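Worksheet for the structure shown next.
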Amino acid sequence: MAGLAAVGLLGLLAAGCSTGGTGTRDEGAAPTEQGGPSGAAAPTPSASSPFERVDVVELLKNDPKVSDRVKKDLRPCGPDAYPVDTSYGNLTGTSAADVVVNVLTCGDAVGVGTYVYRKREQTFENVFALEEPAVYSAIDRGDLVVTKQTYAKGDPIAYPSGEEVVTYRWSSDRFTEHYVVRNEYSKAVEGGDISGPAPTGPDE
């Protein structure tokens, strides 16, 4: 009787460890070729992304609205590293993303030109251009926000006197000015002058 009980116990253990049971061999990570418990393939990113990467350097070089001065300065700061910042987003209400391009100087990264390109059929059209020292554009919740540094006479390039922030919105096939904010910087910072005599201690 003891021998029969032992044989029966071994049979139960073997059934519990088989691949068809519910023992430990059913546990562990799913095989790499499966996408999950159901065996479905893992989802792949959509190929219909609206953010189509654009060669903005070629776009600028071939754009008649970009001045010769900016085109002359549009050269690499290092190996294949042009001083160009690019943003993609919806500004003009089309299905394709608009492209905002800022051209900077190599040495101190000061903006010298900012542009917006709108895709029309298979080409990109320049719908906004501003070329002046220390200008930079960004996309903010569907608006074009342009920041321009302002300089008083004698201001070094690194220390402007203030800035103007202009918000543009697309209307009737063009950008129109919507908000203007002017900020004036304190001179009591590095690079500025503090007028008046220097403070003295209580014993002086």
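Here are some notes:
- In the set Pro50, Pro64, only one residue is in contact with a strand residue (DSSP E or B) (Cβ under 9 Å, 6 or more places away or on another chain) and at pLDDT 75 or above; that residue is Pro64.
- Within region 123-136, none of the residues are of a type in the set (Gly, Ala, Ser) and over 23 Å from Tyr179 (Cβ atoms).
- Looking across region 53-70, the residues that are assigned to a loop (DSSP other than H, G, I, E, B) and open to solvent by 100 Å² or more (accessible area, probe 1.4 Å) come down to Arg53, Asn62, Pro64, Lys65.
The values are calculated or read from the model by the stated rules, or taken from the named source; none is laboratory data. What you are looking at is a predicted structure, and each value in this text was computed from that prediction instead of being measured. No Cβ is skipped: glycine too gets one built from the backbone with ideal geometry, and neighbour counts run over all protein chains shown. All accessible areas refer to the heavy atoms of the entire protein, side chains included, with ligands and DNA or RNA removed. Shrake-Rupley method; radii C 1.70, N 1.55, O 1.52, S 1.80 Å.
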